[in-house]
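The values are calculated or read from the model by the stated rules, or taken from the named source; none is laboratory data. This one's a predicted model, so the numbers in the text were calculated from it and none came from an experiment. Neighbour counts run over all protein chains shown; Cβ positions are idealised from the backbone, glycine included. The accessibility values were calculated without ligands, DNA or RNA, using every heavy atom of the protein model including side chains. Shrake-Rupley method; radii C 1.70, N 1.55, O 1.52, S 1.80 Å.
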Amino acid sequence: MKNLIKSILTVMAIAFTITTSAQETKQNYDQGFRLGFGISGGLPLDDPYDFNLGADARLQYDLSKKYSLTFTTGFSNFFVSGDDNDLGYIPAKAGFKAFVLKDQLYLMGEVGAAFAVTNGYDKTSLILSPTIGYATSAIDISLRYEHFNDFPVMDGASVDTGLGLVSLRIAYGFKL
């Protein structure tokens with residue numbers, strides 16, 4: 001799992017370097033805010049979780065035509081079959097988005113916290129989230145990996161921490 005995270009972060013660093021060296025210096029770019037609302041579904045990579053569903057809102061500030069700052073929040077739930085409790089949480093993530101191909105394909109990295117809010121579980125976890133996506137002026141489709149440092153997982157018969165999630169997000173966005 002650590003090798004997967006390192007590989008994803010390496011690819012994002014290379015893409016950022018390439019886009020930085022090829023940056024256009026357009027002086028009259030209209031900086032501004034965008035707002036997007038999305039739904040996501042994903043597969044947790046660890047037991048005892050079966051699947052994840054969520055909804056979010058993302059505020060994006062465009063620094064230039066190729067680079068943006070993001071803030072994402074919403075509500076997501078890890079579903080567990082059987083008698084175990086589901087794990088619902090509110091993510092709060094800040095990120096950096098870089099468009100790398102024709103102003104539509106992007107790479108994004110986010111970091112933040114996940115606040116557990118259901119079933120008596122009250123821990124907060126660090127979230128690390130590399131993303132690759134495709135965006136038009138209104139639609140945003142992305143695939144992301146999220147790692148939750150402090151959420152519980154089953155490691156054989158014992159309980160450990162460090163939950164991974166692969167998730168697909170579909171969103172509608174617009175300029176403010």
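Taking the numbered list (1) of a type outside the set (Gly, Ala, Ser); (2) exposed (fewer than 15 other Cβ atoms within 10 Å of the Cβ); (3) modelled with pLDDT under 90; (4) in contact with a Leu (Cβ under 6 Å, 6 or more places away or on another chain) in turn, residue 35 passes all entries but (3).
Condition check for residue 118 on (1) modelled with pLDDT of 90 or more; (2) open to solvent by less than 80 Å² (accessible area, probe 1.4 Å): one failure, at (1).
Do you know which of the residues in the stretch 157-175 that are among the small types (Gly, Ala, Ser) and touching a Leu at 6+ places or on another chain (Cβ under 8 Å) is nearest to residue 147 (Cα to Cα)? Walk me through how you get there before you give the answer.
Keep residues of the stretch 157-175 that are among the small types (Gly, Ala, Ser), which gives 157-158, 162, 164, 167, 171, 173.
When the remaining residues are screened for being touching a Leu at 6+ places or on another chain (Cβ under 8 Å), the result is 164, 167, 173.
Numbers: 164: 5, 167: 11, 173: 25 Å.
Per the stated criteria, the residue is 164.
For the stretch 52-68, a tally of residues being under 23 Å from residue 167 (Cα atoms) and either of a type in the set (Gly, Ala, Ser) or surrounded by fewer than 14 Cβ atoms within 10 Å (Cβ to Cβ) (or both) returns 4.
Residues in the stretch 113-130: is at least one in contact with a Phe, Trp or Tyr (Cβ under 8 Å, 6 or more places away or on another chain) and under 21 Å from residue 33 (Cα atoms)? No, the stretch 113-130 contains no residue that is in contact with a Phe, Trp or Tyr (Cβ under 8 Å, 6 or more places away or on another chain) and under 21 Å from residue 33 (Cα atoms). For the stretch 43-64, taking the residues that are part of a strand (DSSP E or B) and either touching a His at 6+ places or on another chain (Cβ under 8 Å) or of a type in the set (A, V, I, L, M) (or both), the one that is nearest to residue 145 (Cα to Cα) is identified as 43. If you go through the stretch 87-101 and keep only what is open to solvent by less than 10 Å² (accessible area, probe 1.4 Å) and among the aromatic types (Phe, Trp, Tyr), you end up with just 89.
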